Protein chains: 2
Amino acid sequence: MNSAQDRLWQITEYPFQPDKQLYHETIFTLGNGYLGCRAAFEEGYVGETPTTLVHGIFNHAEGALVPELVNVPDWTGVRLWVDGTAFHLENPGDDWLTPPGGALLGYRRVLNMREAVLRRETLFRAETGSTVRVVFERFTSLVDVHVLAQRITVTAIDGAPDILLEAWQEADTTNLGRVHWKNIQTATDAEEMTWAGQTTQSGYRVALASRLSSPTTVIAVNVPTPILSSSVQLDKDGQAVFEKITAIYTNRDLDDPLSAARQKASEAAQAGYDALLSAHIDGWAAYWRDSDIQIDGDDESQIAMRFTAYHILIAAPQHDDDVSVGAKTLSGFGYKGHVFWDTELFILSPLILNQPAIARNLLMYRYHRLEGARHKAAANGFEGAMFPWESTDSGEETTPQWSDPQPDGTRIRIWTGDNEQHISTDISYAISQYWRWTGDDEFLLNHGAEIVLDTAVFWGSRAEKTDSGRYVLTNQIGPDEYHENINNSVFVNRMVIWHLTEAFALLDWLQSHAPDHAARLTDSLKLTRERLAGWRDIIAHLVIPFDSQKQIHVQFDGFFNLEYVPVPNYEPRVGGVWPMLGHQRALESQVIKQADVVMLMALLGDAVGPRHVMLNNWKTYYPRCDHGSSLSPAIHAWVAARLGQDDDAYHMFQHAAMIDLQDNKGNVRDGIHGAACGGLWQAVVFGFCGLHLDSEGKPQLAPRLPAHWKQVSFIAYYQGERRQFVVQNPVLDAP
Amino acid sequence: MNSAQDRLWQITEYPFQPDKQLYHETIFTLGNGYLGCRAAFEEGYVGETPTTLVHGIFNHAEGALVPELVNVPDWTGVRLWVDGTAFHLENPGDDWLTPPGGALLGYRRVLNMREAVLRRETLFRAETGSTVRVVFERFTSLVDVHVLAQRITVTAIDGAPDILLEAWQEADTTNLGRVHWKNIQTATDAEEMTWAGQTTQSGYRVALASRLSSPTTVIAVNVPTPILSSSVQLDKDGQAVFEKITAIYTNRDLDDPLSAARQKASEAAQAGYDALLSAHIDGWAAYWRDSDIQIDGDDESQIAMRFTAYHILIAAPQHDDDVSVGAKTLSGFGYKGHVFWDTELFILSPLILNQPAIARNLLMYRYHRLEGARHKAAANGFEGAMFPWESTDSGEETTPQWSDPQPDGTRIRIWTGDNEQHISTDISYAISQYWRWTGDDEFLLNHGAEIVLDTAVFWGSRAEKTDSGRYVLTNQIGPDEYHENINNSVFVNRMVIWHLTEAFALLDWLQSHAPDHAARLTDSLKLTRERLAGWRDIIAHLVIPFDSQKQIHVQFDGFFNLEYVPVPNYEPRVGGVWPMLGHQRALESQVIKQADVVMLMALLGDAVGPRHVMLNNWKTYYPRCDHGSSLSPAIHAWVAARLGQDDDAYHMFQHAAMIDLQDNKGNVRDGIHGAACGGLWQAVVFGFCGLHLDSEGKPQLAPRLPAHWKQVSFIAYYQGERRQFVVQNPVLDAP
């Protein structure tokens, strides 16, 4: 039950829902931009996947197709005995009154998003009849990201039980069975336990140190894993409070992570849980001051906005410009922690406007990987920089070429690493957005411009000139991944034109504002007169498939020759239409996986064409999309709002809002849909509120709120200035 | 997914949740005050309990302990074949793409409470690969309560399937195996099918007639049960609409229910589904104009208010003053349809203020059963009228004396029928409330006063005079049923004093306003001078247990000698504390089942004592209550709001609001908690808004809204005048 004050800031599991265990592990993930920790239980539970992922720690396990983010040892482990009965969860069911071996009498777990604290309250009866209340609370400090804190409070409700608590550290941890650690060393002394290990291939070194405080003596053992234990005899109504404080470092932070972790754990334990928590909450208050969107008139949407903002913030690196946010954030093994376009075109928008320093970190991650992008371009016979579709620490393409074996033993060829090339333009688009909103010229001069220009160089070499003098782009994959290796994607081709045009705009700006940088880049990137002439020729002559009779864009060459499937008729459905049709028929149909032409209309707005074409495009492509990708609904909401399609806009917004909260794609267990989180923000700020930069580069609103929303209020930074925007529906409800 | 417009008027199941089947059957119950129909599926499903309960049709099955409301044959049955594959539900799960024998590809069920229409949309694929969308819609007409309408729309989405639809009527129906029907006769002709039967013991006669309309020929058979069937060959994208219209009558309505049902079915089928639906929606619009409480600032509470109002309205008899609303309304077999104090002290309040004509019907139900109450009094050696704790059609006590056998073969003695005697005063309290709010003198003169006075006669004979000249009431059961056969319940004794005092007030009023009636009742009820003197003596000397040192009421003699159990420590719990302690220990403890002294403070307000005593009572009894009864939380919310205990008030309100919606008592499968529905209304109107009649009998507000509520708006009738009340929180949120 939510308190009145926190009702729009909380997600609750009550009572225990064992069938939704992995779902709750994901949605209750904690994090601080340094690491993410799924909400597995302290004492363990069958089928759980305790997972802590630290930004940047990738490893290529033996026999695996690609590298992945590495699960570090579970630091949360706590076992508890009450009069000798092991504390454990179970589904009360009908026989809950007298189960053998103790009984769970009550359970509630609450994620407080305002404070980023996860709290589990339980009521447990031991075999002896003693009943205790056990409250587990934990957070990952936002203000000192190496500090991970737990407090376990045991209260005697009935009887005077003996309590034994064991705080432990996992020694051998895998990613669902894939081994990533070697040279593991564990140790304990009277006050602490430590773990240190190294990743098998990449050689990262990680160390943890934990301390336990108890009302009584703590005893340390290290067999077979590190354990700190303590016994307390509780009086009737008595209470015992245990604090487990863990510190974690990697050799990405400093050279001796073990010493640092020991030192930090000692300091943090000295400070104590309450002081750490207080600072943590203050840190989150500062985050929320800039990142909270307030919606008046729709509680469900309000909670969804906070939920999505929370999950972006806990994954966003505050202090590290050499990592980025993967498609599933740090909340699960899905997509192995790899970074896709999801980051630049979905997750980045709220950060650019609300937390620009973090947005810069994410863009710097790409800058630091320009060499990898240049390597990929060269390896594929192109010039300039061609960013990988899936990116890890190395900067190399890490999309697997083949799938894992299917049930029949065959593998499926995965083409996105080869042909989903729009990622380079997506990154350039994000840089342009960042620069225009923040006015961060320093970033542009020293980092951003080089990316935009060198990826433009790539496209200059990639576009194929035909005999007629027109340019085409063959063998592409657009956002709609149901259609692979197609020719002349409207999305891709139009964005390439935008990209090359933006490159000229940047060059002009550089020449007038920073001629030294213009000269440096012209020289280093070989922006010769011929090359620039080639760009101009591409801008003028790159094919944009358009049906002038119907006045619509044609998603790619031949799209309308495919079978038409009336997607809206397939309602209400549980999954996508694609699996219902079967792979082969779906490929040969007009079913679209996600916003594609519609995505283009979101990114470029009115520049895509006159209003009647935009509306025709909407009416053509919206009913063909099955939203097989979680990236799709929010973009549709955004565009629908801009086009005045209010019912569609709210319907798509709701779909997007519930992707994680109601698990409406069915795979939340694998991690949070990070892009859907950013998309929801875009749907509200760019869609319903219509925030945009006008032709003079000034922020303007063009509100189109859902009819029942009374007001939306949010912060956006513009050119370093913090601005509050308040959008009200013109007619407020009369009493 | 809710549409924006209806988002606060809908309850949705999406996707199909087979593990919550019986929960959804209950919460999606339809009704029109004549009957209620649980939301079992048209085509059937394993474990379902299709149930239609008609007001007033009770029967005592052979071998059963007591009579119960009788399940009439399921009128909703429809079977569908698509290319020969039987339409059926199943949990898609992981293998949903190619299950044998057809597949459910999509499912959404929505109860629209504004229109009282239940709609189920499904997507189904036959073995042949043909895919159809099937929409089942149904309602029980509010404006012609004998008419039950269904529409089944089948649309070909993929392929051109053969459709066979069979509309059927169940012939043999039981109450979970208990047989109530004899002399069953079924028949069909080309246009209709009929069912007629008689209850085994009570001899009620019920008849149904159904008609099917189809785009093609309808064929009737009657082997083994009545079936009307029709086949349609659908073109690709083609659609077939089937309407099944059923009429139902009983011999409580007229003498020949079968002829009436046939006539009505014919007329209604002639009118057609659309016309029937349109009138039905208009009827509900009129209901909602008076019964909708609008809460601004809390969507979850808004939905809960509508949900509870809906469930009271669908069970409230518009046209029948000889039936009442059972504890589980007409939505399930729980409590066998019996009528308890739940009706008068919980369900009646919203009806008195919003739908006074229906409230009058419910009170007349008691008037018609005065003879039963007099019989019970006489049989127990008392005078006057003593209403049964559980009441059915007969007016006799129908509480079973013994439980069904327990697992060990023993039966438990049930004392409520003997000793929970406050029901007679609860009815009188409701009559007083009804009269004072409505000003319905006619009802008072001809019906109400007789009940109040003759139940006062009962108490006059029931109170026990001690040697000291004081009066006591021994062997009582108050609202807190954990403590049986106790002496001097504060609730009972104080309400008896209220009752006798009210009897004098009524007599005074009668003597000055309607001396003929005063004389008639004085004569017929033998209100002699001695008898009235006895009442005055009881009022003056009936014991009210009070601890003058602690300045609190003592729930009953010896309450504080029982073991103290700190109930609030037993959090978070899944059930009550009572079962955790075990029966024997619980009986000997201070754990309270539900509002008892707190209930008294709700009913009598400041008359219970000075404010410091009220607060002391609150602080004493609130932490001792485990809310083992669903009647408890809303009353606590009401009283907490009046006492300025704002956090407790909202907490208890939320608990009450979620009893059915979140099934937080775990027994929604047995039926809606009708009293909790009425209680929620009381918590808002009497509690948060503080609506009351002042010392001059005029309505006044004393608002104490939850801090985040911006406004509450509702209608209340006062003395025949329709008034709108709008309560705003003094400080609206600043932007």
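The values are calculated or read from the model by the stated rules, or taken from the named source; none is laboratory data. Small disclaimer: the values here were computed from a predicted structure and weren't measured. No Cβ is skipped: glycine too gets one built from the backbone with ideal geometry, and neighbour counts run over all protein chains shown. Quick note on the areas: whole protein, heavy atoms, side chains included, nothing else; ligands and nucleic acids left out. Shrake-Rupley method; radii C 1.70, N 1.55, O 1.52, S 1.80 Å.
Computed quantities for the displayed model
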read-out: Share of carbon and sulfur in the accessible heavy-atom surface of the range B:410-492 [1.4 Å probe, %]; value: 44 percent
read-out: Complex-versus-alone comparison for the range B:1-47, residues with a loss of 10 Å² or more in accessible area, probe 1.4 Å; value: B:MET1, B:ASN2, B:ALA4, B:ARG7, B:TYR14, B:PRO15, B:ASP19
read-out: Check: the range A:369-544 dipole with +1 on Lys, Arg Cβ and -1 on Asp, Glu Cβ, in debye; value: 560 debye
read-out: Helix B:356-367 vs. chain B, principal-axis angle (Cα, 0 to 90°, nearest 10); value: 70 degrees
read-out: Overall form of the range A:541-652 per C-alpha gyration tensor (a/c, 1.5; a/b vs b/c); value: oblate
read-out: The range B:404-472 versus the range B:623-701: alpha-carbon centroid distance in Å; value: 23 Å
read-out: Charge dipole (debye, nearest 20) of chain A; +1 at Cβ of Lys and Arg, -1 at Cβ of Asp and Glu; value: 1100 debye
read-out: Nearest-10 value in Å² for the accessible area of A:THR194, using the 1.4 Å probe; value: 10 Å²
read-out: Computed accessible area, B:CYS689, all protein chains, 1.4 angstrom probe, square angstrom; value: 0 Å²
read-out: In degrees, nearest ten, helix B:646-661 long axis to first principal axis of chain B (Cα); value: 40 degrees
read-out: Neighbouring partner chain Cβ atoms per residue of A:593-606, average, 10 Å criterion; value: 0
read-out: Residues of the range B:368-418: accessible area per residue with a 1.4 Å probe, Å²; value: 48 Å²
read-out: Ranking by accessible area, most exposed first, for B:TRP402, A:TRP168, B:TRP578 with a 1.4 Å probe; value: B:TRP402, B:TRP578, A:TRP168
read-out: Signed unit charges on C-beta, dipole axis of the range A:10-284, positive-most listed residue A:GLY36, A:GLN270, A:ALA167; value: A:GLY36
read-out: Residue of chain A nearest the A-to-B rotation axis [by Cβ], rounded angstrom distance; value: A:ASP299, 2
read-out: Inter-copy label distances at A:THR153 (7 Å, Cα→Cβ; nm, one decimal); value: 5.5
read-out: Antiparallel DSSP beta bridges within the protein assembly as shown, percent to nearest 5; value: 95 percent
read-out: Heavy-atom accessible area, 1.4 Å probe, ligands and nucleic acids excluded: residues of the range B:116-152 down by at least 40 Å² from chain alone; value: B:LEU123, B:ARG133
read-out: Residue order for B:ARG133, B:ARG470, B:ARG205 - accessible surface, 1.4 angstrom probe, largest first; value: B:ARG470, B:ARG205, B:ARG133
read-out: Listed residues B:HIS553, B:HIS651, B:HIS88 arranged by accessible area, highest first, probe 1.4 Å; value: B:HIS651, B:HIS88, B:HIS553
read-out: Residues B:GLU48 and B:ASP663, FRET efficiency given R0 of 25 Å [Cβ-Cβ distance, rounded to 0.05]; value: 0.90
read-out: Folded to 0 to 90 degrees: helix B:423-438 orientation relative to chain B principal axis, Cα; value: 80 degrees
read-out: The protein assembly as shown: translational diffusion in µm²/s, Stokes-Einstein, Kirkwood Rh over Cα pairs, 10 °C, 1.306 mPa s; value: 45 µm²/s
read-out: A:SER461-B:GLN551 pseudo-label distance in nm [points 7 Å out on the Cα-to-Cβ vector]; value: 8.9 nm
read-out: Loss of accessible area when A meets B, both sides summed, Å² nearest 100, probe 1.4 Å; value: 4100 Å²
read-out: For the range A:675-711, residues shielded by at least 20 square angstrom of accessible area compared with the chain on its own, probe 1.4 Å; value: A:HIS708, A:LYS710, A:GLN711
read-out: Paired Rg and Dmax values of the range A:10-284, which use every Cα atom, in angstrom; value: 18.4, 57
read-out: Computed E for B:THR217/A:TYR564 - FRET, C-beta separation, R0 30 angstrom, nearest 0.05; value: 0.30
read-out: Exam field: B:GLN201 pseudo-label spacings to other copies (7 Å along Cα-Cβ), nanometres; value: 7.6
read-out: Where the Cα pairs of chain A fall when distances are cut into 20 Å bins, in %; value: 17, 48, 29, 6, 0
read-out: Residue mean of other protein chain beta carbons inside 10 Å, B:102-113; value: 2
read-out: Out-of-range pairs (alpha-carbon distance over 31 Å; input B:LYS526/B:LYS550; B:LYS465/B:LYS665; A:LYS336/A:LYS376); value: B:LYS526/B:LYS550; B:LYS465/B:LYS665
read-out: Computed label-point distance, nm, for sites B:ASN380 and B:HIS541 using a 7 Å Cα→Cβ extension; value: 2.3 nm
read-out: Sum of side-chain charges, A:ASN59 neighbourhood, beta-carbon under 12 Å (Lys, Arg +1; Asp, Glu -1); value: +1
read-out: Nearest-first distances (nm) between copies at A:THR466, label 7 Å from Cα via Cβ; value: 10.6
read-out: DSSP bridge pairs, chain A: antiparallel proportion in percent, nearest 5; value: 95 percent
read-out: Rounded accessible area per residue of the range B:10-284, 1.4 Å, Å²; value: 35 Å²
read-out: Cα-centre dipole for the protein assembly as shown with unit charges at Cβ (Lys and Arg positive, Asp and Glu negative), debye to 20; value: 1240 debye
read-out: Residues in the range A:184-212 reached by a label modelled at A:ASP172 [backbone nitrogen below 15 Å; 7 Å Cα→Cβ]; value: A:184-186
read-out: Charge tally in the Cβ shell below 13 Å around A:ILE423, where Lys, Arg are +1 and Asp, Glu are -1, A:ILE423 excluded; value: -4
read-out: Other protein chain Cβ atoms within 10 Å, averaged over every residue that makes up B:561-574; value: 5
read-out: Sulfur and carbon atoms: percent of accessible area, the range B:10-284 [1.4 Å]; value: 47 percent
read-out: Projected label distance in nm at A:GLU530 and A:ASP282, using a 7 Å step from Cα toward the beta-carbon; value: 6.2 nm
read-out: Probe 1.4 Å - accessible area at A:HIS612, Å² to nearest ten; value: 90 Å²
read-out: Apportionment of accessible area to carbon and sulfur, the range A:616-715, percent (1.4 Å); value: 43 percent
